[in-house]
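Notes for the one structure printed next.
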Amino acid sequence: MTVQERVFIAGAGPVGLTAAAGLVRAGVPVTVFEAGPDLSRESRASTFHPPTLDMLDDLGAAKPLIAQGLLAPQFQYRSRAYGLMGQFDFGAIADATPHPYRLQCEQSKLTRILCDRLRGDPNFAIEFGGSVAGAEQDGAGIRVTIDHEGRRETRSGAWLIGADGARSEVRRALGIDFEGFTWPERFLVVSTPFDFRGVIPDLVSVNYVADPQRWHFLLQIPGLWRVMFPIREDESDELALTPAFARSLMASVVPGIADYEIAHVTLYKVHQRVAKTFRLGRAFLIGDAAHINNPLGGMGMNGGIHDAVNLTLRLAEVWHGEAPPEELNRFDRQRRLVTLEYIETQSIQNKRNLEAEGPQFMQTLREIAADPARTRDYLLRVSMIASLRRAESLG
Ligand SMILES: Cc1cc2nc3c(=O)[nH]c(=O)nc-3n(C[C@H](O)[C@H](O)[C@H](O)COP(=O)(O)OP(=O)(O)OC[C@H]3O[C@@H](n4cnc5c(N)ncnc54)[C@H](O)[C@@H]3O)c2cc1C
């Protein structure tokens, strides 16, 4: 079989399309296989961190994304018992990024922006309704089985990037373990057009509310607020998805307000898992295919975009003969380590902080806020800039 001189990418989510954009910009031909009939409209990630916006700016995607989102320069920690516990402003790290804010915008906006920019480029092809169902490799190339609604074909390319999400077929075909655990509780996201600022005037667009029983977050996106709650093990999926249950949770957010218009309710299983390796020969894993975590702190998609940029800069150099293939091991070394050290650790810590509530968390927040050096370190960490600096330091 002829080996096509192309990079194959499984999955046209935010991470797969960022990888496509990075490679096409560097003159590397790419074919993206997307299992769905079109780009997904599912509402999941809604927060873009500062360095992710810096990267998307290099790909020409930040400005149109910002035009469709909300800038969130501040975020707050609150508690049911203590009220406002702390507020932080990314302005304190404005010397470290041209985008000193979180952008609140749905991930489905990014995929459309990237795909529209790529269409028409002779180095870009996308095939919808094409599910990657297997992969085998040798020294010359990688053979990929594509399932088009039951009709199978085999295509051979130079490299394969698995950006096919948490249930990655690429990861399965490569036999790579996905080590970690699943939380016993699930998370329920309730979206409402209710104007929370009308009743909590000092609220900002990103707010985490601690409570040992029922912590939640309140995140604003254009036209809606998303409120996320944990669902206990003894509360069934069926119960959690009833309108009455969502209403009862919402009634606990602002005392005295119970009558919310509810736009969507979605229930998610939550995991903390990291693939044993992010590279196997001619194949790579990035984004949710490589690592998943709970959404507190908004790091899953952001970390996946950081994987895509790290990998594609190196792969383009290897493609053009400017670096040896061993250069690609640095992608695995750097991204896998910071996934474990930062994304997994921080997202677990964020969950524990909200569950603990207590005066100790408030005391810690106050100490950080009172010390400019600690505030800066803290903001560099939660904005994910520290994770990128750490990756760079690994060489
Ligand atoms: C409630 C919630 C809130 C979140 N909020 C945030 C946030 O604010 N910030 C953040 O950074 N992250 C957040 N996340 C996580 C974020 O949604 C994911 O990390 C992100 O979607 C990962 O992008 P991806 O491109 O790797 O995978 P996906 O978005 O899952 O995309 C994978 C694509 O691959 C396709 N596909 C699947 N299998 C195949 C196959 N075999 N062949 C071809 N195509 C295939 C799918 O159809 C899909 O289009 C949140 C998650 C949840 C559940």
Gly180 passes all but one of the listed conditions (1) more than 18 Å from the chain's Cα centre (by Cα); (2) more than 12 Å from the ligand (Cβ to nearest atom); the exception is number (1)
Just the residues that are surrounded by fewer than 17 Cβ atoms within 10 Å (Cβ to Cβ), of a type outside the set (Lys, Arg), in a loop (DSSP other than H, G, I, E, B) and on the phi < 0 side of the Ramachandran plot, please, taken from the stretch 103-127. Asp121, Pro122
Taking the residues in the stretch 266-314 that are polar (S, T, N, Q) and in a helix (DSSP H, G or I) as candidates, determine which candidate is nearest to Val32 (Cα to Cα). Thr312
Give me the helices (runs of 4 or more DSSP H) completely within the stretch 328-393, filtered to those with at least 2 residues that are among the polar types (S, T, N, Q), ordered by residue number. 328-338, 345-356, 358-370, 385-393
Considering the stretch 225-243 alone, what residues qualify as being within 16 Å of the ligand (Cβ to nearest atom) and acidic (Asp, Glu)? Asp237
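Here is a check on your reading of the model: is Thr154 at pLDDT 95 or above, open to solvent by 30 Å² or more (accessible area, probe 1.4 Å) and within 14 Å of the ligand (Cβ to nearest atom)?
Spelling it out, it is not the case that Thr154 is at pLDDT 95 or above, open to solvent by 30 Å² or more (accessible area, probe 1.4 Å) and within 14 Å of the ligand (Cβ to nearest atom).
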In the stretch 26-47, is there at least one residue being in contact (Cβ under 8 Å) with a residue 40 or more places away in the chain, within 12 Å of the ligand (Cβ to nearest atom) and part of a helix (DSSP H, G or I)? no
Looking at the stretch 330-361, which of its residues are open to solvent by 50 Å² or more (accessible area, probe 1.4 Å), under 21 Å from Arg186 (Cβ atoms) and hydrophobic (A, V, I, L, M, F, W, C)? Ala356
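A quick yes/no check of all residues on (1) modelled with pLDDT under 95; (2) away from the ligand (no atom under 14 Å from the Cβ); (3) among the hydrophobic types (A, V, I, L, M, F, W, C):
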position	(1), (2), (3)
Ala92	no, yes, yes
Leu118	no, yes, yes
Glu136	no, yes, no
Arg143	no, yes, no
Asp147	no, no, no
Trp159	no, yes, yes
Phe187	no, no, yes
Phe194	no, yes, yes
Asp38 of a type in the set (Asp, Glu), farther than 30 Å from Gly134 by Cα and either out of contact with any strand residue (DSSP E or B) (no Cβ under 9 Å at 6 or more places or on another chain) or modelled with pLDDT of 95 or more (or both): no
Is it the case, given these coordinates, that Pro222 is within 16 Å of the ligand (Cβ to nearest atom) and in contact with a Cys (Cβ under 9 Å, 6 or more places away or on another chain)? yes
Can you find a residue in the stretch 244-257 that is within 30 Å of Ala163 (Cα to Cα), surrounded by fewer than 22 Cβ atoms within 10 Å (Cβ to Cβ) and away from the ligand (no atom under 11 Å from the Cβ)? no
Where a residue in the stretch 341-358 is aliphatic (A, V, I, L, M) and its partner, wherever it lies, is part of a helix (DSSP H, G or I), with Cβ under 8 Å and at least six apart: Ile343/Gly300; Ile343/Gly303; Ile343/Ser387
Restricting to strands (runs of 3 or more DSSP E) lying wholly in the stretch 169-237: which have 2 or more residues that are touching a residue at least 12 places away in the same chain (Cβ under 8 Å) and open to solvent by 50 Å² or more (accessible area, probe 1.4 Å)? 178-182
Which of the residues spanning the stretch 258-284 are within 15 Å of the ligand (Cβ to nearest atom) and open to solvent by 70 Å² or more (accessible area, probe 1.4 Å)? His264, Lys269
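The values are calculated or read from the model by the stated rules, or taken from the named source; none is laboratory data. Nothing here was measured: the structure is a model prediction, and the numbers come from that model. Positions of Cβ are generated from backbone atoms using ideal geometry, with glycine treated the same way; all protein chains shown enter the neighbour counts. Just so you know, the surface numbers come from the protein's heavy atoms only, side chains and all, with ligands and any DNA or RNA stripped out. Shrake-Rupley method; radii C 1.70, N 1.55, O 1.52, S 1.80 Å.
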